[in-house]
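Beneath this line is the structure, given in structure tokens, with notes to follow.
The values are calculated or read from the model by the stated rules, or taken from the named source; none is laboratory data. Bear in mind that the values here come from a model prediction, so they are computed numbers and not experimental data. Cβ: placed from backbone, ideal geometry, glycine included. Neighbour counts: every protein chain shown.
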Amino acid sequence: MRPEPSIPNQRPAITHAGRIWKRAIDISGSAVLLLFSAPLIAILAARIKLHDGGPAFFRRRVVGQQGEFDAFKLRTMRVDADEVLRQDQKLRQQFEINFKLQDDPRITAIGVALRKAGLDELPQLWNVLKGEMSMVGPRMITPAELKKFREAAWIFTSVKPGITGYWQVYGNQDAGYENRIKMDVFYVENWSLWFDLKILMATPLCMLRRAGA
């Protein structure tokens, strides 16, 4: 599947039964993965703590279907990351374009490895189990990013943000923000149980490919 060339202002046709199936996959998938990944999360958290003495986990305030919530992550940035961005005007201007930085100087050495493998997002399985996130959905965004979506902002009240998703697996991570928006909208407007399962099955290979890049 490929995104449409424009962003139509329409609503997804996700049935009540479809939402029940999606939630069932979220609960079972997150519970099983949390059970098996808990030892790995504990080891990685200890490694982060030993690296610089800072907190092992990071709470990112993001937009959810029912309002804002804190998404959990393993910390990959320096403890003073926000201060670095505030003090460097050039860096801040670059960040405001796509809300990410190429060769971000705030990311720690262990953080680079965690991000490449996607392991920093393992704690978000708890957000999925709580019902704040989904296993598959649009990439989570901060409240400040919402203005980027303009007329497409409705997707975040229609579905929950996902740990993985159409853009995360099939998108070009270096492409512009507009391309990401189109792919997220395309996913929501064309949602099906098979679409979610296809993305879930493709996610492990995508993670291995990026980890080896």
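Any idea which of ILE163, ILE155 is within 21 Å of THR15 (Cα to Cα) and touching a residue at least 12 places away in the same chain (Cβ under 8 Å)? Don't jump to the end; show me each part of the working.
Details: ILE163 fails: within 21 Å of THR15 (Cα to Cα).
Just one listed residue meets the conditions, ILE155.
Among the candidates LYS160, LYS198, the residue that is within 14 Å of the chain's Cα centre (by Cα), closer than 24 Å to ALA24 by Cα and among the basic types (Lys, Arg) is uniquely LYS160. Kindly indicate whether any position in segment 137-152 is among the hydrophobic types (A, V, I, L, M, F, W, C), under 17 Å from the mean Cα position of the chain (by Cα) and closer than 17 Å to PHE72 by Cα. Yes, the conditions are met somewhere in segment 137-152.
From the list PHE69, PHE58, the lone residue that is modelled with pLDDT of 95 or more and either assigned to a loop (DSSP other than H, G, I, E, B) or buried (at least 17 other Cβ atoms within 10 Å of the Cβ) (or both) is PHE69. When ILE155 is tested against the conditions (1) within 25 Å of LEU34 (Cα to Cα); (2) of a type outside the set (S, T, N, Q); (3) under 16 Å from the mean Cα position of the chain (by Cα), the lone failure is (1).
Show the residue pairs that are 6+ apart or on different chains and have beta-carbon atoms under 7 Å apart, the first residue being within segment 47-73 and small (Gly, Ala, Ser), the second being in a strand (DSSP E or B). Qualifying pairs under 7 Å: ALA56/LEU74; ALA71/ARG60; ALA71/VAL62.
Taking only segment 87-110 into account, find how many residues are part of a helix (DSSP H, G or I), among the basic types (Lys, Arg) and crowded, with 16+ Cβ neighbours inside 10 Å.
Our first condition is that a residue be part of a helix (DSSP H, G or I); within segment 87-110, this holds for 87, 89-98, 109-110.
Filter once more, so that each one left must be among the basic types (Lys, Arg): 90, 92.
Adding the requirement that they be crowded, with 16+ Cβ neighbours inside 10 Å leaves none.
Summing the residues that are part of a helix (DSSP H, G or I), among the basic types (Lys, Arg) and crowded, with 16+ Cβ neighbours inside 10 Å in segment 87-110 gives 0.
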